[in-house]
Amino acid sequence: MSADLNRITLVGRLTRTPELRHRPTGDPVLCLRLAVSSRSRGQDGEWSDRGNFFDVSLFGARANALAELLDKGERVGVDGRLSWREWHDEAGTRQERVEVVASDLFLLGSKRGPGSADRVEAAAA
């Protein structure tokens, strides 16, 4: 048996206000877009930052609570797993996407000021 590991931890900023949706079963899902910077040195020896963008989904009761607290531009940490899915669009073209399914979300810096992290932890409990 293989001992595969599927875990990802990211720290970045929300690129838009999170969107709360509901699955056909009625279960809530919070959809986030996270920008994470990568730093690399070019051939000229200069360092530059490159943005990487990730779609993140958070399910369950915490999705409802966090939808009220999170906003575009906030710095968050996400711990979760990668999930691959495929579907066919309206034109019948096969589409595929890799996204992050979050198990934990942490508010690392907020535009709201002190005390925000406490509210997120309470909402996430």
Exercise for the section: Spot the failing condition for residue 84; the list is (1) open to solvent by 90 Å² or more (accessible area, probe 1.4 Å); (2) touching a Pro at 6+ places or on another chain (Cβ under 7 Å), and only one is missed. Expected result: (2)
Exercise for the section: Sort out which residues of region 56-110 are without any contact (Cβ under 8 Å) to a residue 40 or more places away in the chain and within 14 Å of residue 32 (Cα to Cα), and write them in order of number. Expected result: 98, 103, 104, 106, 107
Problem - Matching residues, region 1-48, being open to solvent by 50 Å² or more (accessible area, probe 1.4 Å), free of Cβ contacts under 8 Å to residues at least 24 places away in the same chain, hydrophobic (A, V, I, L, M, F, W, C) and part of a strand (DSSP E or B) - result: 47
Exercise for the section: Tally the residues that are of a type in the set (Asp, Glu) and touching a strand residue (DSSP E or B) at 6+ places or on another chain (Cβ under 7 Å), restricting the search to region 6-63. Expected result: 4
Handout entry: Some residue of region 83-93 being assigned to a loop (DSSP other than H, G, I, E, B), within 18 Å of the chain's Cα centre (by Cα) and at pLDDT 90 or above
Key = no
Problem - Residue within region 60-70 that is in contact with an Asp or Glu (Cβ under 8 Å, 6 or more places away or on another chain), of a type in the set (D, E, K, R) and farther than 15 Å from residue 101 by Cα present - result: no
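The values are calculated or read from the model by the stated rules, or taken from the named source; none is laboratory data. Just so you know, these numbers come straight off a predicted model, no measurement behind them. No Cβ is skipped: glycine too gets one built from the backbone with ideal geometry, and neighbour counts run over all protein chains shown. The accessibility values were calculated without ligands, DNA or RNA, using every heavy atom of the protein model including side chains. Shrake-Rupley method; radii C 1.70, N 1.55, O 1.52, S 1.80 Å.
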